[in-house]
Amino acid sequence: EMVMPFIGAADRDPVQFPEPDRLDIGRTDNRHVAFGLGIHFCLGAPLARIEGQIAINTLLKRLPKLALATDRPEYRQSLTLRGLKSLPVAF
């Protein structure tokens, strides 16, 4: 038998993660597996988090009116990875 994990489904259980499809940069329940777990935890996770904070803060500082230009972003059709097809923004 073959087992095929669907990575795009990770961290999307609404029982474990309230509103799993909503981006909440202030979310405090951080039991996600984006950086792996246990001995497979990403060594670069702290750096990636800092880079993300710097990137978001820089965007918001330089583009204070930055906002989504759509109520529902469109996602790519994929059985393995979840990602946006496009992300229309206005600024």
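Per-residue Karplus couplings for the stretch 64-73, computed as 6.51 cos²θ - 1.76 cosθ + 1.60 with θ equal to phi - 60°, are listed in order as x, 9, 4, 8, 5, 9, 8, 7, 9, x Hz, Gly and Pro entered as x.
Computed from point charges on the beta carbon alone (+1 for Lys and Arg, -1 for Asp and Glu), the dipole magnitude for the stretch 1-88 about its Cα centre is near 440 Debye. The calculated 222 nm mean residue ellipticity attributable to helices in the chain amounts to -6500 deg cm²/dmol, summing -39500 (n - 2.57) over DSSP H runs of n ≥ 4 and dividing by all residues. Kirkwood analysis of the Cα pair distances in the stretch 46-91 returns a hydrodynamic radius of 12.5 Å. Full extension of the chain between residue 60 and residue 74 gives 2.8 nm of extra length, using 0.36 nm per residue less the Cα-Cα distance. Exposure here means at most 10 other Cβ atoms within 10 Å; with trypsin sites (Lys or Arg not before Pro) in a DSSP loop as sites, the longest stretch of the chain lacking them is 32-64.
Between the stretch 40-80 and the stretch 1-23, the alpha-carbon centres lie 18 Å apart. Rounded to the nearest angstrom and listed largest first, the equivalent-ellipsoid semi-axes of the stretch 11-59 from its Cα gyration tensor are 20, 18, 7. Based on the Stokes-Einstein relation at 4 °C and a viscosity of 1.567 mPa s, and on the Kirkwood radius from alpha carbon pairs, the chain is assigned a translational diffusion coefficient of 82 µm²/s.
When the Cα positions of 58, 44, 69 are compared along the charge dipole of the stretch 33-88, 69 comes out farthest toward the positive end, with charges on each C-beta of Lys, Arg, Asp and Glu.
None of the figures in this text is laboratory data; all of them are computed from the coordinates on show. This structure is a prediction, so every number in the text was calculated from the model and none was measured. Note that we place each Cβ from the backbone using ideal geometry, even for glycine, and neighbour counts take in every protein chain shown.
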